[in-house]
Amino acid sequence: MTVFRTRLAGIAPVLLSVAVAAIVAACQPQGNTTTRPAQPVTQGAHAVTGTATYRERILPPPGSTLRVQLLDTLLADTPDAVIADATVKDVAGPPIAFTLPFDPAKLRANGRYGVHATLAGPDGTPMFVSDTRVPVDPAANVPVEIAMVQAGAPKAAAAPAPTNWQCGDLRVGAAFDTVANRVTLSYGGRSRTLPLAMSGSGARYADDTGNEFWTKGDSGTLTLDGEKHECTRTNSASPWDDARSRGVAFRAVGNEPGWLVEIGPGEAPSLHAQLDFGSRTLDIAGMQPRAQGDGWTGTSANGTAVEVIVERKPCQDDAGTTFDVTARLQAGGKTYTGCGAFLAK
């Protein structure tokens with residue numbers, strides 16, 4: 001019998017490759033599975049990011065920590081004021097980077113937010129703190145810088161009390177900062193800061209868009225958004241500045257018929273309302289946030305249902321003053337419309 005022997009070059013490596021592939025396939029999980037690439041994480045998504053810094057040339061000792069908090073400033077002094085809290089361990093010198101994750105479900109439609117930082121030594125003793133809450137929009141995804149001062153250092157002298165001016169139909173508060181060389185004007189619940197500018201006489205503050213406040217003694221002129229007003233100094237503060245000094249967090253007014261409402265700070269704020277040109281008043285000790293997050297609701301002692309609804313859209317009153325908020329008050333089946341402003345800092 002004749003045996004034919006044929007050399008099949010390359011067959012063995014191919015068979016080996018097939019066998020290895022079969023073994024790998026057998027080890028894979030059974031079922032309809034798909035491997036997907038990891039999704040990219042957006043920097044700062046649902047987190048406030050930034051740096052904390054201080055001017056002193058002091059290095060913190062090893063084991064120092066930086067604590068950063070996101071606060072709802074309208075809920076100050078309540079348990080719900082702290083939205084998020086994070087600690088950076090073993091920090092070095094400034095600037096100190098931080099990431100402060102937060103739960104977006106805790107943000108309120110009308111909340112106003114700020115961040116606070118404390119740098120503590122290894123024994124927990126504060127070394128540097130932020131002496132003010134730095135305003136922040138948690139949803140903006142914009143890095144923030146927190147300036148800290150040395151703990152226990154004497155505070156800077158208090159800013160002088162604002163002066164009050166009657167500028168046409170507009171009552172204006174003017175806080176002059178002689179250190180920063182600027183003036184902050186408050187009017188109708190709004191504010192605007194103007195830097196010191198050159199002038200031949202008097203004190204002139206102006207920006208690049210044509211807004212100007214120029215005083216000479218107890219008189220002056222104010223130009224806002226292209227409209228010029230003659231001003232005279234007065235002893236009476238505007239009702240908006242007066243409300244702010246009394247701790248009012250939100251205020252709204254309207255006409256036909258005339259009405260006003262003032263709401264305090266906190267999670268269950270107080271409400272005071274004057275309706276129908278002051279012929280009726282309402283006071284409620286504790287209002288509750290609306291389910292939609294756009295205002296407050298409550299019931300007075302005599303059973304009157306009250307609801308305040310706010311929308312962050314421009315509103316202009318009968319005098320031509322522009323506000324940032326449109327407000328609606330519903331009380332006892334009657335609706336009042338007008339303009340308002342959040343006053344808490």
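Looking at the stretch 68-206, the accessible area is 53 square angstrom per residue; that uses a 1.4 Å probe and ignores ligands, DNA and RNA.
Judged by the mean number of other Cβ atoms found within 10 Å, the most tightly packed of the peptides 117-124, 222-229 leads the ranking 117-124, 222-229. For the stretch 237-345, a simple Cβ point-charge model (Lys and Arg +1, Asp and Glu -1, everything else neutral) yields a dipole of about 180 debye relative to the Cα centre. Counted by Cβ distance under 13 Å from Ser219, the other residues give a net charge of 0, where Lys and Arg count +1 and Asp and Glu count -1.
Full extension of the chain between Asn302 and Arg190 gives 36.9 nm of extra length, using 0.36 nm per residue less the Cα-Cα distance. Estimated at 0.36 nm per residue, the fully extended path between Asp225 and Val134 surpasses their Cα-Cα distance by 30.0 nm. With each label modelled as a point 7 angstrom along the Cα→C-beta vector, the Ala319-Ala109 pair spans 2.9 nm. Summarising the label geometry, the points placed 7 Å from Cα in the beta-carbon direction at Thr78 and Thr209 lie 3.3 nm from one another. With R₀ set to 51 Å, the beta-carbon distance separating Thr53 from Glu311 gives a calculated FRET efficiency near 0.85. Taking only the C-alpha atoms of the stretch 265-345, the Rg (one decimal) and the largest Cα-Cα distance, Dmax (whole number), read 12.9, 36 Å. A straight chain from Val142 to Ala86 at 0.36 nm per residue would run longer than the Cα-Cα distance by 18.4 nm. Ranked by solvent-accessible area (1.4 Å probe, protein heavy atoms only, all chains present), the residues Glu145, Glu212 order from largest to smallest as Glu145, Glu212.
Let's test the formula: R0 of 41 Å, r as the Cβ-Cβ distance of His46 and Thr234. What FRET efficiency results, to the nearest 0.05? After rounding to 0.05, the efficiency reads 0.30.
The values are calculated or read from the model by the stated rules, or taken from the named source; none is laboratory data. Remember, it's a predicted structure, so these values are computed and weren't measured experimentally. Note that we place each Cβ from the backbone using ideal geometry, even for glycine, and neighbour counts take in every protein chain shown. The accessibility values were calculated without ligands, DNA or RNA, using every heavy atom of the protein model including side chains. Shrake-Rupley method; radii C 1.70, N 1.55, O 1.52, S 1.80 Å.
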